[in-house]
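Below you'll find the structure, written out as structure tokens, and then a few comments.
The values are calculated or read from the model by the stated rules, or taken from the named source; none is laboratory data. Note that the structure is predicted; figures quoted are calculated from it, not measured. Every residue, glycine among them, receives a Cβ derived from its backbone with ideal geometry; neighbour counts consider all protein chains shown.
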Amino acid sequence: MTARGYEGVAAAVPVTVPYARRTEHNVHWWFGRALSELVRQSGIGKDEIDGLITASYTLRPDTAVSLTEYFGLTVRWLEDLPMGGASGPIALRHAARAVEAGDAEVVACLPADVLGGDAFGSLMENYSSFSRDGAMPYGEAGPNLPFALITQNYMERTGATREEFGRICIAERHNGAAFPHALLKKPLTMEEYLAARPIAEPLHLYDCVMPCSGAEAFLVMREDRAKSRKLPYARILAGIERHNAFPEDGVQISGGWPVERDALYQAAGLGPGDMAFLQAYDDYPVIVMFQLEGLGFCPAGEAPAFVRETDFTADGGGLPLNTGGGQLSLGQAGAVGGFVGLTEGLRQVTGQALGIQVANADVGLVSGYGTVNFDRGLCSSAVILTRGEGA
Amino acid sequence: MTADTLRLPHCQACQRSHWPPREICPHCLGETVTWQPADGGGQVMATATLHHSLSPDFAPHMPLHVATVALDCGVRAIVFVAGGALKNGTRVIVTPGRGPSGQEALVATPGAAR
């Protein structure tokens, strides 16, 4: 299979609404803050937005449809993504195709979730029927158990050590210390990482993201509109998604990226060595290793060695990884976590970093992963972004 | 057959089992799925030890030993491990049992090779 690029399409106006561990607001407020920031920062009126794509676990019983009425939006293209951590790159590729085809002129991509306090537990208890029947009866309503099993199997197969996972977490915290919206800004040392209390062995405290509330947003439109509004924008060179890849694997050892990787790089005319940064989904560090392997930065099973040899800090001259600190620094606001890498990637290629700006960030890769329906994340996605004119 | 016998959803069209339970067979999309006795023999693929749980049912019972088991009948399941942690590759017998707070659950016990 080959992938096709997105002609004449711009992604612009990356917004991160500052996250909170506790919020008195409902999720609609978080959506509204993201939407009003899009309008304020772009100068594009609410009445010009004719497409909307949302992602949220806590919007129920409401949906994307409800939000059109809530915010007084009249749209002709509307989508609601249930792909969790994979939803950011998927939102971009769906919206970009709609704009390229002329089905919409300006699409607002909006995720928001409210997950402080008890909300996280109740979400997890109602996450999926397979999780309810096949995973929750075994001690934990939530992702720690499946990811402990995935991590333990990966460590056995590859010889990966806790120190190698720690290197990822520590580099992300370094990047997050400079990012104004990160909830966890304190630098992390290897001693602290290794001494953390066990949560679901082999996972310990700093391997796990912190549930919180938040929202992200960006706009997709034609390049000529972005230029006429003088908006710095990114072009999308390629995008892929793949769901329920390798169902025969007894324990997950890869996402869906290996199936789509050649199509992704072929469409972009580039390879992994051309990427100025990688924004990888980081709910747990083992999943970052899956992406390093699956997206071709190193061979399958060799991420531990690659991690030992690579500087992942945004200003270290190696492979800048999760340059805004990732979810391990920001916290995880449900499905919003699937957009953290995308808004950060858009800021990097347009030279608008809020924290550390990667040098020569002309092209970069953003990857997503998510939705643990039973014992593994089923959804994988990735997009390659490049600097547009005027950025 | 005794109460200890593992029972799994089994497709009458393609004669394959699956897990977690479905009304439609994921292999052939057959509609006649019945619960029937299955071979509980299998092998540990991965293990975890829980020290923390969001669930008040489980929180008083930490730590809990859990494993992914590949059953010889071709399905994989998350199970409790009886009697402490096991190594990957250990042969086990999976039977219906009870979790620490009394709820129904699959439990793996170390067992002889098939």
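If we keep just the residues of the range A:123-176 that are assigned to a helix (DSSP H, G or I) and of a type in the set (Asp, Glu), which is surrounded by the most Cβ atoms within 10 Å (Cβ to Cβ)? Before the answer, list the steps.
To start, the set of residues in the range A:123-176 that are assigned to a helix (DSSP H, G or I) comprises A:123-125, A:129-134, A:136-138, A:144-158, A:162-176.
Still in the running and of a type in the set (Asp, Glu): A:125, A:133, A:156, A:163-164, A:172.
Working: A:125: 14, A:133: 14, A:156: 17, A:163: 14, A:164: 20, A:172: 30.
By that ranking, first place goes to A:172.
Every residue, every condition in (1) in contact with a strand residue (DSSP E or B) (Cβ under 7 Å, 6 or more places away or on another chain); (2) outside any strand (DSSP E or B), yes or no:
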position: A:324; (1), (2): no, yes
position: A:345; (1), (2): yes, yes
position: A:353; (1), (2): no, yes
position: A:358; (1), (2): no, yes
position: A:371; (1), (2): yes, no
position: A:382; (1), (2): yes, no
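Looking at (1) closer than 14 Å to residue A:215 by Cα; (2) part of a strand (DSSP E or B), which one does residue A:59 not meet, given that it meets all the others?
Among (1) closer than 14 Å to residue A:215 by Cα; (2) part of a strand (DSSP E or B), the lone unmet condition for residue A:59 is (2).
Among the hydroxyl-bearing types (Ser, Thr, Tyr), crowded, with 24+ Cβ neighbours inside 10 Å, outside the structural domain of residue A:81 (by TED's automatic domain parsing) and closer than 25 Å to residue A:183 by Cα: is that true of residue A:350 in this structure? Outline the logic, then answer.
Working: among the hydroxyl-bearing types (Ser, Thr, Tyr): yes; crowded, with 24+ Cβ neighbours inside 10 Å: no; outside the structural domain of residue A:81 (by TED's automatic domain parsing): yes; closer than 25 Å to residue A:183 by Cα: yes.
So residue A:350 does not fit the description; no.
What are the pairs, 6+ residues apart or on separate chains, where a residue within the range A:1-29 that is in contact (Cβ under 8 Å) with a residue 24 or more places away in the chain and within 17 Å of residue A:345 (Cβ to Cβ) has its Cβ under 8 Å from a residue that is surrounded by fewer than 17 Cβ atoms within 10 Å (Cβ to Cβ) and of a type in the set (S, T, N, Q)?
Listed pairs, sorted by first residue: A:13/A:41; A:14/A:352; A:15/A:41.
Mind checking which pairs have a first residue in the range A:253-277 that is under 21 Å from residue A:322 (Cβ atoms) and a second that is hydroxyl-bearing (Ser, Thr, Tyr) and assigned to a helix (DSSP H, G or I), Cβ under 9 Å, 6 or more apart or different chains?
A:271/A:265; A:272/A:265; A:274/A:265
Limited to the range A:278-296, what total is found for residues that are free of Cβ contacts under 8 Å to residues at least 60 places away in the same chain and under 15 Å from residue A:168 (Cα atoms)?
Within the range A:278-296, the subset free of Cβ contacts under 8 Å to residues at least 60 places away in the same chain is A:292-293, A:296.
Cutting the leftovers down to under 15 Å from residue A:168 (Cα atoms) gives us A:292-293.
Going through the range A:278-296 one residue at a time, the tally reaches 2.
What residue, of A:213, A:228, is without any contact (Cβ under 8 Å) to a residue 12 or more places away in the chain and over 30 Å from residue B:47 (Cα atoms)? Can you show your working first?
Values: A:213 fails: without any contact (Cβ under 8 Å) to a residue 12 or more places away in the chain.
The match here is A:228.
Only one of (1) more than 10 Å from every other protein chain (Cβ to nearest Cβ); (2) among the β-branched types (Val, Ile, Thr); (3) under 15 Å from residue B:101 (Cα atoms) is not met by residue B:34, so which one is it?
(3)
Which of the numbered conditions does residue B:19 fail, given that it passes all the others? Conditions: (1) more than 7 Å from chain A (Cβ to nearest Cβ); (2) surrounded by 13 or more Cβ atoms within 10 Å (Cβ to Cβ); (3) among the aromatic types (Phe, Trp, Tyr).
(1)
Considering only residues that are at the interface with chain A (Cβ under 7 Å from one of its Cβ atoms) and crowded, with 23+ Cβ neighbours inside 10 Å, which ones fall in the range B:54-76?
Step one: of the range B:54-76, the residues at the interface with chain A (Cβ under 7 Å from one of its Cβ atoms) are B:54-55, B:58, B:64, B:66, B:68, B:70, B:76.
Of everything in the range B:54-76, those that are at the interface with chain A (Cβ under 7 Å from one of its Cβ atoms) and crowded, with 23+ Cβ neighbours inside 10 Å turn out to be B:66, B:68.
Quick grid of which residues meet (1) under 30 Å from residue A:4 (Cα atoms); (2) out of contact with any strand residue (DSSP E or B) (no Cβ under 9 Å at 6 or more places or on another chain); (3) surrounded by 21 or more Cβ atoms within 10 Å (Cβ to Cβ):
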| site | (1), (2), (3) |
| --- | --- |
| A:187 | no, yes, no |
| A:190 | no, yes, no |
| A:213 | no, no, yes |
| A:232 | yes, no, no |
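Which one of the conditions (1) under 23 Å from residue B:106 (Cβ atoms); (2) modelled with pLDDT of 95 or more does residue A:129 fail to meet, given that it meets all the rest?
The failed condition is (2).
Filter the range A:255-274 down to the residues that are outside any helix (DSSP H, G or I) and under 17 Å from the mean Cα position of the chain (by Cα) and list them by number.
Going through the range A:255-274, the residues outside any helix (DSSP H, G or I) turn out to be A:255-256, A:269-271.
Answer for the range A:255-274, where residues must be outside any helix (DSSP H, G or I) and under 17 Å from the mean Cα position of the chain (by Cα): A:255, A:256.
Look at the range B:1-32 and say how many of its residues are under 18 Å from the mean Cα position of the chain (by Cα) and β-branched (Val, Ile, Thr).
The number of residues fulfilling the criteria is 2.
Report yes if residue A:69 is outside the structural domain of residue A:330 (by TED's automatic domain parsing), modelled with pLDDT of 95 or more and charged (D, E, K, R), otherwise no. Show your work before the answer.
On the way: outside the structural domain of residue A:330 (by TED's automatic domain parsing): yes; modelled with pLDDT of 95 or more: yes; charged (D, E, K, R): yes.
In short, yes.
Considering every residue within the range A:145-164, establish whether at least one is without any contact (Cβ under 8 Å) to a residue 40 or more places away in the chain and facing chain B (nearest Cβ under 9 Å). Spell out the reasoning first.
From the range A:145-164, those without any contact (Cβ under 8 Å) to a residue 40 or more places away in the chain are A:156, A:163; that's our starting set.
Retained after the next criterion (residues that are facing chain B (nearest Cβ under 9 Å)): A:156.
Yes - at least one qualifying residue is present in the range A:145-164.
In the set B:111, B:41, B:89, which member is surrounded by fewer than 18 Cβ atoms within 10 Å (Cβ to Cβ), touching a residue at least 40 places away in the same chain (Cβ under 8 Å) and farther than 15 Å from residue A:149 by Cβ? Spell out how you get there, then give the answer.
Details: B:41 fails: surrounded by fewer than 18 Cβ atoms within 10 Å (Cβ to Cβ); B:89 fails: farther than 15 Å from residue A:149 by Cβ.
Within the list B:111, B:41, B:89, the selection yields B:111.
Quick one: how many residues across the range B:82-98 are out of contact with any Asp or Glu (no Cβ under 8 Å at 6 or more places or on another chain) and within 10 Å of chain A (Cβ to nearest Cβ)?
Of the residues in that region, 3 qualify.
Collect the residues in the range A:65-103 that are touching a Leu at 6+ places or on another chain (Cβ under 9 Å) and either in a loop (DSSP other than H, G, I, E, B) or surrounded by fewer than 24 Cβ atoms within 10 Å (Cβ to Cβ) (or both), keeping them in residue-number order.
Answer for the range A:65-103, where residues must be touching a Leu at 6+ places or on another chain (Cβ under 9 Å) and either in a loop (DSSP other than H, G, I, E, B) or surrounded by fewer than 24 Cβ atoms within 10 Å (Cβ to Cβ) (or both): A:65, A:66, A:68, A:71, A:73, A:75, A:77, A:78, A:79, A:80, A:83, A:94.
Among the residues of the range A:104-122 satisfying the criterion of being touching a residue at least 40 places away in the same chain (Cβ under 8 Å) and in a helix (DSSP H, G or I), which is nearest to the other protein chains (Cβ to nearest Cβ)? First the steps, then the outcome.
First pass over the range A:104-122, keeping only residues touching a residue at least 40 places away in the same chain (Cβ under 8 Å): A:104-117, A:119-120.
Going one step further and asking which of them are in a helix (DSSP H, G or I), we end up with A:119-120.
Details: A:119: 11, A:120: 7 Å.
So, considering only residues that are touching a residue at least 40 places away in the same chain (Cβ under 8 Å) and in a helix (DSSP H, G or I), the one nearest to the other protein chains (Cβ to nearest Cβ) is A:120.
Note down all Cβ pairs under 6 Å where the first residue falls in the range A:178-203 and is within 11 Å of chain B (Cβ to nearest Cβ) and under 20 Å from residue A:321 (Cβ atoms), the second is of a type outside the set (Val, Ile, Thr) and crowded, with 16+ Cβ neighbours inside 10 Å, and they're at least six residues apart or on different chains.
Listed by first residue and then by second, the contacts come to A:203/A:148.
Can you name the condition, by its number, that residue B:12 falls short on among (1) more than 14 Å from every other protein chain (Cβ to nearest Cβ); (2) touching a Pro at 6+ places or on another chain (Cβ under 8 Å)?
(2)
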